[in-house]
1. Could you figure out which of (1) closer than 30 Å to R221 by Cβ; (2) within 22 Å of the chain's Cα centre (by Cα); (3) open to solvent by less than 50 Å² (accessible area, probe 1.4 Å) isn't true of E86?
2. Restricting to the range 12-30, what's the tally of residues that are more than 24 Å from G348 (Cα to Cα) and either polar (S, T, N, Q) or within 16 Å of the ligand (Cβ to nearest atom) (or both)?
3. (1) surrounded by 14 or more Cβ atoms within 10 Å (Cβ to Cβ); (2) in a helix (DSSP H, G or I): which one isn't true of A251, the others all being true?
4. Against the definition (within 22 Å of the chain's Cα centre (by Cα), within 16 Å of the ligand (Cβ to nearest atom) and touching a residue at least 40 places away in the same chain (Cβ under 8 Å)), how does P181 come out, yes or no?
5. Hey, among T224, T196, which residue is hydroxyl-bearing (S, T, Y), away from the ligand (no atom under 16 Å from the Cβ), touching a Pro at 6+ places or on another chain (Cβ under 8 Å) and at negative phi?
6. So if I check each of A139, A207, A159, which one is within 12 Å of the ligand (Cβ to nearest atom) and open to solvent by less than 10 Å² (accessible area, probe 1.4 Å)?
7. Consider only pairs whose beta carbons are under 8 Å apart and that are at least six residues apart or on different chains; among these, list those whose first residue lies in the range 323-335 and is β-branched (V, I, T) and whose second residue is surrounded by fewer than 16 Cβ atoms within 10 Å (Cβ to Cβ).
Amino acid sequence: MVTREFIPPRRLLLGPGPSQVHPRVLRAMSAPVIGHLDPAFLAMMNDVQSLLRNTFQTGNRFTIAISGTGSAGMEAAIVNAVEPGETVLVGVNGIFGTRLVEVTERCGGKAIRLEAPWGSAIDPQAVEQVLRRSGPVKAIAMVQAETSTGCWQPLEAIAQLAKQHDALLIVDAVTSLGGIPVDVDAAGIDICYSATQKCLSCPPGLAPFTISERALAAVTRRRTRCQSWYLDMKLVAEYWTEGTRTYHHTAPISMLYALREALRLVEEEGLPARFARHHLNSNALLTGLLELGLPPLAQPGQRLPMLNCVTVPDVIPEAEVRARLLNRYGIEIGGGLGPLKGKVWRIGLMGESSTEAHVLRLLNALEELFI
Ligand code: PLP
C-alpha cells in the first residue's frame, strides 16, 4: 500500500504563529526551482534585501534572510556578536528572554539576567543600574515582542544606554516585525532578527536579519572564530554580497520566493496602515474578550496588538475549550508556556490573520462555547 497524499485540514490560524498565509505567497512558493547561483535568482535576492531594509526601516547594508527559523536568527545574533567570556545583559520577562540567556551561555558568554514580572516590560532604570555596577558589557539583548506574555518592550531609552556604555543592542523582533514599528535605525538597534511566520505571514523557514556597521565592525574585530560555521555571518555574507556571491550553503529557493512575495504585500499595504490595522483589530478583540471575562495579562500601555495574551479564569477548562475551538470551529489559538501553562490564552492577530472577520469569528465561537 502506498502512503496517501497529505491534505491538511482547513484551519484559521489565530495562535502565536504561524499565521495565515496569503494565496499569493503560496503561489510564489510553487514556482519552478532555479539554481541558487542563477543570475535571475541573485537578482531576486537583491529585491528581498531591499524589501527587508524597508520593513526593518534600516539602511543597513548587511540585511539578509538567514536559512532557518527565528531561533536561527537568535543564535546568529549571539554567536556572531559574543565571544567566549564576554558579558550580555539579557532582559528576561518571558520564555524568549530565558532562551536568549541559554543561547548566550551555550556560546560561552556570561549572561546577566535582568528580570521583570511576566507581562511587564523591563525598566530602563534597572538596565542603567546593572550597567553601572557590572564590568564591561558586550551586548544588551531584549525581546521587543515577548510572545509568551504579549508584552511590548520599549527600546529607545535602552538603546541610548547601550550607546553610552559601548554595548551592542540586540533585539528579538520575531513577533513584532511587520506588526508594530521596529525602526532599526531610528531606535538605534545594532542587531535585529525576526521570523517569517508571524506578522510577515509567510510559512516558517527564514529569519530576516540585519546588522549595523558598528556591530559589523565588532564582528570583524573578533579575536576568536565564530563557534558556528553555518551561522558565521562573515561566511554567509560572501553569498549575499553582490560582487562575491560565493557558495556557502544552498539557499532555500522556494522560501525566498515566498518571502519576496510576502514583503511585496507589506510594501503594497504600507507600514503605517499595517500597524494601524493590527491595533484596530486587537482593540476590538480585547474589548470582546473582556466582555467574556478574559482580561489581558500585559500591563496597560505595554500590550502587543499582534499577540493578545489573556488570563483564563479557573472556571473555564482552558485546554478543553481550545481543543473544541480547533475541532468544531477549525480555529487555532495558543495556550500558555512555562509558568503560564493552563492559565492564559495567546491569541495571535498577525499579518493576514489580523482582520475584523477573524475577530468576529473567534468571538462568536467563544460565545457559543461559553453559553
Ligand atoms: N523569539 C520569539 C519572541 C518567538 O516568539 C519565537 C517563536 O515563537 C522565537 C524567538 C523562535 O522562533 P522559531 O520558533 O521560528 O524558531
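The values are calculated or read from the model by the stated rules, or taken from the named source; none is laboratory data. Bear in mind that the values here come from a model prediction, so they are computed numbers and not experimental data. In this analysis, Cβ positions are derived from the backbone assuming ideal geometry, glycine residues included, and neighbour counts consider all displayed protein chains. Just the protein is used for accessible areas: all its heavy atoms, side chains included, with ligands, DNA and RNA removed. Shrake-Rupley method; radii C 1.70, N 1.55, O 1.52, S 1.80 Å.
1. Checking E86 against (1) closer than 30 Å to R221 by Cβ; (2) within 22 Å of the chain's Cα centre (by Cα); (3) open to solvent by less than 50 Å² (accessible area, probe 1.4 Å), the one that fails is (2).
2. So the count comes out to 1.
3. The single condition A251 does not satisfy is (2).
4. Values: within 22 Å of the chain's Cα centre (by Cα): yes; within 16 Å of the ligand (Cβ to nearest atom): no; touching a residue at least 40 places away in the same chain (Cβ under 8 Å): yes.
Answer is no for this residue.
5. On the way: T196 fails: away from the ligand (no atom under 16 Å from the Cβ).
Within the list T224, T196, the selection yields T224.
6. Numbers: A139 fails: within 12 Å of the ligand (Cβ to nearest atom); A159 fails: within 12 Å of the ligand (Cβ to nearest atom).
A207 is the lone residue from the list that is within 12 Å of the ligand (Cβ to nearest atom) and open to solvent by less than 10 Å² (accessible area, probe 1.4 Å).
7. I331/R11
Residue-wise test of (1) within 16 Å of the ligand (Cβ to nearest atom); (2) open to solvent by less than 10 Å² (accessible area, probe 1.4 Å); (3) assigned to a loop (DSSP other than H, G, I, E, B); (4) not hydrophobic (A, V, I, L, M, F, W, C).
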residue: P32; (1), (2), (3), (4): no, no, yes, yes
residue: L37; (1), (2), (3), (4): no, no, yes, no
residue: A40; (1), (2), (3), (4): no, no, no, no
residue: D47; (1), (2), (3), (4): no, no, no, yes
residue: S50; (1), (2), (3), (4): no, no, no, yes
residue: R53; (1), (2), (3), (4): no, no, no, yes
residue: G59; (1), (2), (3), (4): no, no, yes, yes
residue: A65; (1), (2), (3), (4): yes, yes, no, no
residue: S71; (1), (2), (3), (4): yes, no, no, yes
